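Report on the following structure.
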Amino acid sequence: MYVIIGWIAVQVAFDHSGQQADRAGALHAISATPVGGVLLWLLVVGFIGMALWRLAEAAYGAPGTAGRKASARVLALAKGVLYGVIAYGVLKYALGAGGPQSSDKESVDLTATLMKYPGGRVLVIVIGLAVIGGGAYLAYQAWGEEFRKDLRLGQTGTRARRIVEWLGEFGGIARGAVFVTAGIFLVVAAAEAKPQQAKGVDSALRTLAGTPLGPWLLVLVAIGLIMFGLFSCCEARWLRLRG
């Protein structure tokens, strides 16, 4: 999914695609291929697997001492629920029961709903700051190559290890940058009481093209997302599943 979203973003940077550069756009792009139906069902199975994996970590703890702490289990539970929701959305799309909402619409709808209630603007600001902090933390972890302790890179050759580290570092920083950008939009939307200012992944990426660096910043981040997608494949291959 990250590879496809990154590729769509590269095309958006040069006005070669009207597709949404988010999960919804990726699903549309996949379904348009000759084997789209098969790929969609593989995604359904994959996301269900991700949900069950995280729920298992919440119940039994992840490998290592840190993975058995209460905070790690709560985070795993949250991820399990998130992947379950994504799996349900992809399943509906695969069954033809409705297309996925764009990340922009999801962000605007959620922001507008929360801001209807007393203290809603404050809550949106808190959520926005949390997204900014989470994105910055993800980028910091990637920059420090924290992911290395979760991978069995000793089983790889020197060249393969360097490639994996390179993909994880720059890909993770790019992913964090997207989260930070989206979080900033949430804070601005709440501060100005304008829910429509909230942005999802697609608009967050498109905003990068409007900076003084032009489309090249978007291209750089898009390539980073592709790299993170490739890193995820490496993670699936060498992830440390035992403590």
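The values are calculated or read from the model by the stated rules, or taken from the named source; none is laboratory data. Worth saying up front: this structure is predicted, and the values here are computed from it rather than measured. Note that each Cβ is placed from the backbone with ideal geometry, even for glycine, and that neighbours are counted across all protein chains shown.
Report yes if A97 is farther than 28 Å from I127 by Cβ, surrounded by fewer than 14 Cβ atoms within 10 Å (Cβ to Cβ), aliphatic (A, V, I, L, M) and at pLDDT below 90, otherwise no. The answer is yes for A97.
Taking the conditions exactly as written (free of Cβ contacts under 8 Å to residues at least 24 places away in the same chain, of a type in the set (K, R), more than 19 Å from F185 (Cβ to Cβ) and in a helix (DSSP H, G or I)), does R54 satisfy them or not? So R54 does not fit the description; no.
Surrounded by fewer than 17 Cβ atoms within 10 Å (Cβ to Cβ), closer than 28 Å to A190 by Cα, more than 15 Å from the chain's Cα centre (by Cα) and at pLDDT below 95: is that true of K105 in this structure? So K105 fits the description; yes.
Quick check on segment 130-175: of everything there that is more than 24 Å from A21 (Cα to Cα) and among the β-branched types (V, I, T), which residue is surrounded by the fewest Cβ atoms within 10 Å (Cβ to Cβ)? So the residue we want is T158. Of the residues making up segment 198-210, one or more are free of Cβ contacts under 8 Å to residues at least 24 places away in the same chain and of a type outside the set (A, V, I, L, M). Note on segment 164-193: residues that are of a type outside the set (A, V, I, L, M, F, W, C) and at pLDDT below 80 amount to 0.
Please specify each residue of segment 127-151 satisfying the condition of being assigned to a helix (DSSP H, G or I), touching a residue at least 40 places away in the same chain (Cβ under 8 Å) and of a type in the set (A, V, I, L, M, F, W, C). Answer for segment 127-151, where residues must be assigned to a helix (DSSP H, G or I), touching a residue at least 40 places away in the same chain (Cβ under 8 Å) and of a type in the set (A, V, I, L, M, F, W, C): I127, L129, A130, V131, I132, A136, L138, A139, F147. Scanning segment 192-211 for residues that are within 18 Å of V126 (Cβ to Cβ) and touching a helix residue (DSSP H, G or I) at 6+ places or on another chain (Cβ under 7 Å), we see that the one that is surrounded by the fewest Cβ atoms within 10 Å (Cβ to Cβ) is A193. Of the residues examined, A26 is not one that is at negative phi, surrounded by 19 or more Cβ atoms within 10 Å (Cβ to Cβ) and more than 20 Å from the chain's Cα centre (by Cα). Against the test of being surrounded by 20 or more Cβ atoms within 10 Å (Cβ to Cβ) and either more than 30 Å from G210 (Cβ to Cβ) or in contact with a Phe, Trp or Tyr (Cβ under 7 Å, 6 or more places away or on another chain) (or both), the options A13, A51, A78 yield a single qualifying residue, A51. Selection of segment 62-88 for residues being in contact (Cβ under 8 Å) with a residue 60 or more places away in the chain and assigned to a helix (DSSP H, G or I) yields G67, I86. Please work out which residue is farthest from A160 (Cα to Cα), limiting yourself to segment 212-232 and to residues that are without any contact (Cβ under 8 Å) to a residue 60 or more places away in the chain and surrounded by 13 or more Cβ atoms within 10 Å (Cβ to Cβ). Ranking the candidates gives L217 first. Consider segment 194-243 and keep the residues that are of a type in the set (F, W, Y) and under 19 Å from G154 (Cα atoms). The one that is modelled with the highest pLDDT is F231.
Of the residues making up segment 12-41, those that are in contact with a helix residue (DSSP H, G or I) (Cβ under 8 Å, 6 or more places away or on another chain) and either free of Cβ contacts under 8 Å to residues at least 24 places away in the same chain or basic (K, R) (or both) are S17, Q19, R23, T33, G36, L39. Screening R121, R73 for residues that are within 30 Å of G25 (Cβ to Cβ), more than 17 Å from the chain's Cα centre (by Cα) and modelled with pLDDT of 85 or more leaves exactly one candidate, R121.
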